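Each reported figure results from applying straightforward, stated rules to the coordinates on display, with no laboratory input. Fair warning: this is a prediction, and the values are worked out from it, not measured in the lab. Methodologically, a virtual Cβ is constructed for each residue, glycine included, from the backbone with ideal geometry; neighbour enumeration extends over all protein chains shown.
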Amino acid sequence: MTRHLLIGSGVAAVAAAETIRKMDEQAVIELIAQDPAGYYSRPGLAYVLSGEVNEKMLFPFSADDFRRLGVRLHSARATRILPAQKMVELDGGSTRLAYDRLLIATGARAIRLNVPGADLEGVFKLDTMEDARRLIRAARPGRSAVVTGGGITALELAEGLAARQMNVHYVLRGERYWPGVLEESESRIVENHLQRMGIRLHHKQEVAEVLANRGKVGGVRLKSGEQIPCDLLAFAIGIEPQAELAREAGIQCDRGILVDAQMQTNLPGIYAAGDVAQVYDETTGQYVLDSLWPEAREQGRMAGRSMAGKAGAYHKTIPINVTRLAGLTTTIIGRVGKGHDADLLQIARGDSETWRQMPDTLMAQTGFEVNHLRLVLGADHILGALVMGDQRLSSPLQKIISRPVDIRPIRARLLEPGAPIADILADFWNELQTSSPTEG
Amino acid sequence: MFKKWFTSESTRRAALFEGQVTPDSSRCVQCGICTYNCPIAIDVRRHAWTGQPVTRSECLTCGDCVQRCPRGVLRFERSELGSPRKA
């Protein structure tokens, strides 16, 4: 009977557990849930903050589901991996669990804000269920909040607090929102929508100090010297893989844990998946980090398969996320951006390093304040796309880019000045469907 | 204008009648908004996890889950049940 030990309770670990069980009914599967809340939809925290769903809904599996899966849960912290003994130490040495195969799926954590006063009561992040609970308790209607940082999480914080009737200030270091992924016109669309929600933007500014009022947050001082009185400060300046356990155990790491196509680390029998893993991207020839739920699930599945002794190889798919930016549903697929983002120290949640690897190539774009479409064109294929607002082309583009579909029949037309690229693409997609309907 | 409205409305109704809710798991983050908004408490989220269409006869095909999903996971797809019978 093989003993499988999984560290982490996110989607990568749960997907691995499901996969192992499908392949081996007898296997012992133990899962170390380091987050006291266990397995929940971390991307869903934003929807709890905005009030669209209640907290209870974020738990996709009940205790019964885990029992049916035959997974033994430990609510504990893994404090050391001992590869020579094939053991994992819990809570500083009180208990040790033995394994034959080990999965490290410890995820990533928010990078801390490093300014004076950042440890005051009233400084928040949106990284865990507990963070969301604390933030919701503190978000009082009519009070003021300052949000700083970049990427999707910073906007979720700003929009979520605005939805809770707070007066929100969004402080950005850069000249515009999310310059590593969005074009300038797209950043402006998002910023205009934020302003319409009543959120005040402060560009080219930086929180220099959190000011105290009776031991709690009372305001922030910006680099310019300007002070903004506020009741809370929320930050999202990037995430970092939680790879310390692996590093200390002698497992090869770069920014995350380096894994091969079977999701195995350099130590036989030890695997990694999800936000903590740094995986090889065949399209760019680099090891990259993602923080995307479906990627984490797929990596967990592949790790589970390998742990159960089945053959297979993980091929990194084209990263996609469908998210809302200032209320506008936005699909981001493939290589759409490049350049420096002063608001993020690393990638954020819901983010991919691949999105920033746009080659020097041609772009076709169209759109206005609400519906916007941008394509990054290679010689034969579409390399990336950003669909903002109207989402009818979101799913077709995901398929056109992922497959990838040869777009030479429409490439020249897409590049004509003022080309109706949405119509050209829709017609092209319909023709493809008609000629090979099963591929849709 | 009226004719256009009528056509699109009847197309919509036909889609609701003939369709079944079909998930694209590669987009889902298991937030549960679909299940939360289902008026008859179908666990749509579990369908999005397994990739199985909602084939339960109780499904009203009201479209709430499709509309409220923030990530475009769900769509109506024509089901065998709703297709017109062949003569």
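Span-like helix check, chain A: qualifying full DSSP H segments, with Cα axial length of 15 Å or more and mean Kyte-Doolittle of -0.5 or more, are A:11-23, A:151-163, A:421-435. What FRET efficiency would be calculated for the residue pair A:ARG214, B:GLN67, taking the C-beta separation as r and a Förster radius of 56 Å, to the nearest 0.05? Using R0 = 56 Å, I get an efficiency of 0.75.
Would you mind getting me the FRET efficiency between A:GLU248 and A:LYS310? Use the beta-carbon distance for r and R0 = 41 Å, nearest 0.05. Computed FRET efficiency for A:GLU248 and A:LYS310 comes out at 0.85.
Other protein chain C-beta atoms within 10 Å of residue C-beta, averaged over A:316-327: 2.
A simple packing score, the average count of other Cβ atoms within 10 Å per residue, orders the peptides B:31-38, A:211-218 as B:31-38, A:211-218, with the highest score first. Counting only DSSP beta bridges whose two residues both lie in the protein assembly as shown, roughly 60 percent are antiparallel. For the peptides A:375-385, B:47-57, A:52-62, the ranking by mean Cβ contacts within 10 Å, running from highest to lowest, is A:375-385, A:52-62, B:47-57.
Each residue, A:ARG77 and A:ALA426, gets one label point 7 Å from its Cα in the Cβ direction; the gap between the two is 5.5 nm.
Shielding of peptide B:22-29 by partners, expressed as the average count of other chain Cβ atoms within 10 Å per residue Cβ, is 6.
Summing charges over all other residues whose Cβ lies under 12 Å from the Cβ of A:THR106, with Lys and Arg as +1 and Asp and Glu as -1, gives -1. Taking 4.7 Å between beta carbons as the limit, the unpaired Cys residues of the protein assembly as shown are A:CYS230, A:CYS253, B:CYS28, B:CYS31, B:CYS38, B:CYS59, B:CYS62, B:CYS69. Taking Lys and Arg as +1 and Asp and Glu as -1, the other residues whose beta-carbon sits under 10 Å from that of A:VAL48 total 0. Peptides A:31-40, A:408-417 ordered by packing proxy, namely the average of other Cβ atoms within 10 Å per residue, highest first: A:31-40, A:408-417. Estimated from helical segments only, the mean residue ellipticity of the protein assembly as shown at 222 nm is -8000 deg cm²/dmol, where each DSSP H run of four or more residues counts as -39500 (n - 2.57). With bins 20 Å wide beginning at 0, the percent of Cα pairs of chain A falling in each bin runs 25, 53, 22, 0. Inter-chain Cβ neighbour count for A:287-299, averaged per residue, equals 2 (cutoff 10 Å, partner chain atoms only).
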